[in-house]
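So the structure is just underneath, and the comments pick up after that.
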Amino acid sequence: MDTVLRYRGREIRNDQVAFIQTLLAGTPRITRRALSFRVCEAWDWRQPNGQPCDVVCRGLLLQLHRAGHIQLPEPQWRSARPRRHRVVAHIEIEPAPLDAPLDAPLGQLGPIEIRQVRRTPDEELVKSLVAQFHYLGYTHPVGEHLKYLMTAQGRPIACMCLSSAPRHLGPRDRHIGWSKEARRANVRFIAYQSRFLILPWVKVPHLASHLLGAISRRLSRDWETVYSHPIYYTETFVDETRYRGTCYRAANWTPLGLTTGRGKADSTKKPNRSLKQVWGYALVKDFRKRLCALQEPVR
């Protein structure tokens, strides 16, 4: 059957559009939210935790509406205020840490506390630190994501942000060797490390690779606690015009190859940003078997 459009990796066919049109014609007073739940139920479209993919489905319905394939009912509520970008609060660290650098061998640093702070008060602190001190700043992730705050001697020393992995990534996909169908079904079992920050007042050799190893040992468990499914593989990008990826190599990550430099929203098929090295790390030995399987994930 003909594909009408593709939305977030899902192909929408003519018969599915006809089904939505039938729902709209049969229930003319249906709201957009109720329609979304009806479609999710009919297509068994659910999140890993069993809840309907309501927000994603509503985005799909809006795309079909804008393309002229369906006519959605008028929204029941509109905000009178213009949309604003979310602003990250600036949180000061006391005492001023740059005035008292933390310079010590790793063995003399003392206990390092690593906390997953997603949906906790300290999530705002991680966002603020990344916004202030990471060269890319902070951007609000879309989809599943976790944040980590690392402290020692009562002071923040590092932050890490992870989110849902890109759906298409050539070096990663070739390394795994999965089919298009397996990638579509299992990309949710990969986590993308979007930000890793050693704070500028910390001068501790080997700290970065030590923290990478510590996170890898707990990441899948933490992800399953929040999102009800494990993680089998994790990946990141390194801009080699700035960094050599030394800490990833020391933590036994694998360089997979360069990106195309086009970004996920590319429409020109021409490079528009610097090429980045893709690094990957397997959290389980049989990651290929699990990621290539078209069945329920192995627990």
Go ahead and estimate [θ] at 222 nm for the chain from helices alone: -39,500 (n - 2.57) per DSSP H run with n ≥ 4, summed, over the residue count, rounded to 500. -9500 deg cm²/dmol
Helix 54-66 versus the longest principal axis of the chain: what is the Cα-based angle in degrees, 0 to 90, to the nearest 10? 50
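What FRET efficiency do you get for A104 and N252 if R0 is 35 Å and r is their Cβ-Cβ distance, rounded to the nearest 0.05?
Working: r = 25 Å, r/R0 = 0.70.
For A104 and N252, the calculated efficiency is 0.90.
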Using the count of nearby Cβ atoms within 10 Å as a rough guide to exposure, how do H140, H210 rank from fewest to most? H140, H210
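Could you work out the longest stretch of the chain that avoids the chymotrypsin sites (Phe, Trp or Tyr not before Pro) located in DSSP loops with at most 10 other Cβ atoms within 10 Å?
Details: sites that count: W77, Y135.
For chymotrypsin sites (Phe, Trp or Tyr not before Pro) (loop position, at most 10 other Cβ atoms within 10 Å), the longest site-free span of the chain is 136-299.
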What is the distance in Å between the Cα centroid of the range 117-150 and that of the range 156-222? 14
Answer label, with percent of Cα pairs over 24 Å apart calculated from the coordinates and candidates [x] 61; [y] 50; [z] 47: [x]
Explain nothing, just the number: relative contact order of the range 119-169, from Cα pairs under 8 Å at least 6 residues apart, as a whole percent. 30
Within the range 106-292, the percent of DSSP beta bridges that are antiparallel, given to the nearest 5, stands at 90
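What length, rounded to one decimal in nm, is gained on full extension from D15 through to H90, with 0.36 nm per residue of separation minus their alpha-carbon distance?
Here the answer is 22.0 nm.
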So for the chain, averaging the separation of alpha carbon pairs under 8 Å that are six or more residues apart and normalising by length, what relative contact order in percent results? 14
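Since every read-out is calculated from the coordinates, none of them should be taken as a lab result. Keep in mind the model is a prediction, meaning the values are calculated, not measured. Here the Cβ is made from the backbone with ideal geometry for all residues, glycine too, and neighbour counts use every protein chain on show.
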